[in-house]
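The values are calculated or read from the model by the stated rules, or taken from the named source; none is laboratory data. Quick caveat: nothing in here was measured; it's all calculated off a predicted structure. Methodologically, a virtual Cβ is constructed for each residue, glycine included, from the backbone with ideal geometry; neighbour enumeration extends over all protein chains shown. Accessible surface is based on the protein model in full, side chains and every heavy atom, while ligands, DNA and RNA are left aside. Shrake-Rupley method; radii C 1.70, N 1.55, O 1.52, S 1.80 Å.
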Amino acid sequence: MAEQPCPGPLASLAPLNPQTHPRDKWSKKMDFLLSVIGFAVDLGNVWRFPYICYQNGGGAFLIPYTLMAVFGGVPLFYMELALGQFHRTGAIPIWKRICPIFKGIGFAICIIGLYVSFYYNTIIAWALYYFYSSFSGTLPWASCDNPWNTPDCTNYFGRSNVTWTNFSRSPAEEFYTRKVLEIHKSRGLYDIGGIHWQLLLCLFLIVWVDAAAQIFFSLGPGFGVLLALASYNPFHNNCYRDALITSAVNCLTSFLSGFVIFTVLGYMAEMRDVEVEDVARDKGPSLLFITYPEAIANMVGSTFFAIIFFLMVITLGLDSTFGGLEAVITAVMDEYPQLLAGRRELFVLGLITVSFLGSLSTLTYGGAYVVKLLEEFGAGCSILAVVLLETIAVSWFYGIQRFSHDVKAMLGFTPGLFWKLCWVAVSPALLAFIVISSLLDQPPLTLFDYQYPEWSTSVGHLIGASSFICIPFYMVYKLVWTPGSLKQRLAVCIRPEKTTRAPRAEVVGLAPIL
């Protein structure tokens, strides 16, 4: 980032940053757009969307998906970009400007970000393992002639009269489960076994990459990433257009991934003479590390395409990891500027170390079970509940008219009726429906042939609640420690700080970029 010179007066002036040092800004518009797109387009576009789309009716799923994007995803995306750009601060201190009693949302976001880093970096480490293994004349998951293969390994590509049974396993599946994960050495969550040292090495390399990127990158709905990234924008940047462009790219990427995975699954089902659901038995990383590699192994030039594919997976994961960690960094640095000023490198090192140590349980022989548990509960229902409260706090407590006025000060126009209705009623209603539905309808958790025990579900709920509980805890703390009568306390806790406007001579020349 580079600091921008300030040549010319503004019609509307941004609120001063509470920090004593000048805030950095993006040096180029494209840097910001690519960073936001890099965070939004992640590994979930490659595996989660195709599987969920298939599980919910295929093409028919595109109808609710589009409706959710139009009335939920895009409006909230727009809201977070606008909030970060106007208030120019991270996910924790921003609530002093919006509604102080909801400041626990910022702490909850940081905890969720840490949980995600515990398992997300491990998935990137798996991709790095595949990337390294791809540098061979014959891909190791292309045949059943390897030491880790079992008698159940069945290679049906390019062969006739091969019978596929319920016990059959493809070479790609056995490479993933028995070579990469070595999950057969674990008996479940109660006995996850020792640490897989090759994966530990891969994760160590990915931590160091994260640390270097965060030090030199220096930039940081729901994860606080959009707030962090947008907080470095010029005041009059057209965040409305940014939201539309980024959302469109994200959705198109998911559609493209869906077309590819459906084609592969259909072909594999035809070759095995089974139903498609029998091919895609496990959602999540299994599609990424079994289905795609199996298709690549049977292509001409398989080694080249495997290298390119897993390089793409690594870069997709790193982009999202950068954004997630930057959300935590920006939030904490902005909340404690006096303590952490000039100590960014040490704080980043400490954060990366915590993330690395938290990931150790996912590197064991049963680490895939831990990854699944964290994926389901660490950032599942809790992040939806956090976004719901965030939307309510901005629209109902801060006030939709005040927020619309802030947007007009930046962009020169007031958000239309559609956006206001979504922020006030439609998006919160959709989020509330999803949260309640997910809590009421929770199917048994399984991975491969392993059925998670009941106690693990309780642990998962505790993990999810540990982040969300910050919100009511902080509300109680704020009400107890604020002096005055109950009415005075509520007024202080709900009313945002008055924003101080800068003199014209101090904030100038930030003309709209788009």
Cα-centre dipole for the chain with unit charges at Cβ (Lys and Arg positive, Asp and Glu negative), debye to 20: 2040
statement: On the formula 1/(1 + (r/R0)^6), with r taken between the Cβ atoms of Asn166 and Val249 and R0 of 41 Å, the FRET efficiency rounded to 0.05 is 0.50
task: Please list, or write none, the lysines whose alpha carbon is within less than 25 Å of the alpha carbon of Lys179, excluding same-chain residues fewer than 8 places away.
output: Lys283, Lys372
message: Can you return the lysines within cross-link range of Lys478? Criterion is Cα-Cα under 29 Å, with same-chain partners fewer than 8 residues away left out.
response: Lys96, Lys103, Lys487, Lys498
query: What's the FRET efficiency of Phe157 with Tyr336 using the Cβ-Cβ distance as r and R₀ = 56 Å, to the nearest 0.05?
result: 0.50
statement: For the chain, the percent of accessible surface on carbon and sulfur atoms (probe 1.4 angstrom, ligands and nucleic acids excluded) is 66
message: Using DSSP to call loops (not H, G, I, E or B), can you name the trypsin sites (Lys or Arg not before Pro) in segment 411-500 whose Cβ has at most 14 other Cβ atoms within 10 angstrom?
response: Lys498
message: Between (1) 1.03; (2) 0.93; (3) 1.10, which entry matches Cα Rg over 2.2 N^0.38 Å as derived from the coordinates of this structure?
response: (1)
- line: In Å², rounded to a whole number, the accessible area per residue of the chain with probe 1.4 Å is 44
query: Calculated FRET efficiency, Trp455 and Met30, Cβ-Cβ r, R0 56 Å, to nearest 0.05?
result: 0.70
- prompt: Mind ordering 369-381, 239-251, 405-417 by average Cβ neighbours within 10 Å, highest first?
  reply: 369-381, 239-251, 405-417
